[in-house]
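I am attaching a structure below and will ask some questions about it afterwards.
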Amino acid sequence: MYNLKKIISNSSETGTDCRLKHRFAAIVFGNIIMSLSISMMRLSLFGNDPFSCMNLGYSILTGLTFGKCVIIYNCIIILFVFLLDKSFINIGTLINMFLLGPASDIFYDILLILLGSNSSLTIRIILLLLGILISCYGTSAYICSNFGMGPYDAAGWIVEKKSKGRIKFRYARIFWDFLSVSIGFSLGSIVGIGTIIMALFTGPLISFFNRNINMPLIYGKNDN
């Protein structure tokens, strides 16, 4: 298993972090493709990931754009993260808070122009499947950058840390996702097969990408 604290500590002892550029690229790239995945799933009409489902519900309720709702929600949740464990807050937290939502609005407008609002079933299925994979990979990339993470994603890790590992991130994430879906559904957001798949498999898929792709890509192969 990779130990992020050990990796960063070892790099700091040399006076420089040789992985700094890789980590920063991961945090930015991860958020950008997350934004794209949200837009793809919105256009699939099969339902969005739980986080987006909830914020689309807030958008319906308030009349604000999806991006603005994401920013407002994150600003509220970050207060709880700060109180519970501020070690999860870093530059990457701010990038996630203020880039994800607005970038998703831009991607949505672009894809809507390119694909239209009445795509075929085949196109919608492709959008759904790609959206799920891209979403989980993007989330994993910015988590593994160790530059902090978005308030929503920090919640699952805080539960694991506070429970001393008795409640694993993947299970905490599943619970958190189902709660978000319930809120989104109650506010009129679309809940479909895509939402259910994301609620069930986001945690395990993120863990898979962490272990097998992003950690080796950013920090090199694990020697332990």
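At least 3 residues that are more than 23 Å from Ile77 (Cα to Cα) and open to solvent by 70 Å² or more (accessible area, probe 1.4 Å) in each: list the helices (runs of 4 or more DSSP H) lying fully within the stretch 112-224 that qualify.
Values: elements: 121-144, 151-162, 169-186, 193-209, 215-219.
Of the helices (runs of 4 or more DSSP H) lying wholly inside the stretch 112-224, those with at least 3 residues that are more than 23 Å from Ile77 (Cα to Cα) and open to solvent by 70 Å² or more (accessible area, probe 1.4 Å) span 121-144, 193-209.
On the basis of being touching a residue at least 40 places away in the same chain (Cβ under 8 Å), on the phi < 0 side of the Ramachandran plot, open to solvent by less than 10 Å² (accessible area, probe 1.4 Å) and in contact with a Lys or Arg (Cβ under 8 Å, 6 or more places away or on another chain), does Ser44 make the cut?
yes
How many of the residues making up the stretch 57-75 are of a type outside the set (Phe, Trp, Tyr), under 18 Å from Leu99 (Cβ atoms) and in a helix (DSSP H, G or I)? If you could, list the steps in order and put the result at the bottom.
Filtering the stretch 57-75 down to residues of a type outside the set (Phe, Trp, Tyr) leaves 57, 59-65, 67-72, 74-75.
Those still in the list that are under 18 Å from Leu99 (Cβ atoms) too: 59, 64-65, 67-72, 74-75.
Right, trim to in a helix (DSSP H, G or I) and you get 59, 67-72, 74-75.
Of the residues in the stretch 57-75, 9 are of a type outside the set (Phe, Trp, Tyr), under 18 Å from Leu99 (Cβ atoms) and in a helix (DSSP H, G or I).
Any chance you could count how many residues in the stretch 99-144 are over 18 Å from Phe201 (Cβ atoms) and within 13 Å of the chain's Cα centre (by Cα)?
The total comes to 6.
For the stretch 79-87, state whether one or more residues are open to solvent by 30 Å² or more (accessible area, probe 1.4 Å), of a type in the set (A, V, I, L, M, F, W, C) and either touching a strand residue (DSSP E or B) at 6+ places or on another chain (Cβ under 8 Å) or in contact (Cβ under 8 Å) with a residue 24 or more places away in the chain (or both).
yes
Further, regarding this structure: Output the residues belonging to the stretch 62-75 that are open to solvent by 30 Å² or more (accessible area, probe 1.4 Å) and free of Cβ contacts under 8 Å to residues at least 40 places away in the same chain. Can you show your working first?
To start, the set of residues in the stretch 62-75 that are open to solvent by 30 Å² or more (accessible area, probe 1.4 Å) comprises 62-65, 68, 71-72, 75.
Thr62, Gly63, Leu64, Lys68, Ile71, Ile72, Cys75 - these are the residues of the stretch 62-75 that are open to solvent by 30 Å² or more (accessible area, probe 1.4 Å) and free of Cβ contacts under 8 Å to residues at least 40 places away in the same chain.
The values are calculated or read from the model by the stated rules, or taken from the named source; none is laboratory data. Treat the numbers as computed from the prediction; the structure is a model and nothing was measured. With ideal geometry, Cβ positions are generated from the backbone for all residues, glycine too; neighbour counts draw on all protein chains shown. Heavy atoms of the whole protein, side chains included, go into the accessibility calculation; ligands, DNA and RNA do not. Shrake-Rupley method; radii C 1.70, N 1.55, O 1.52, S 1.80 Å.
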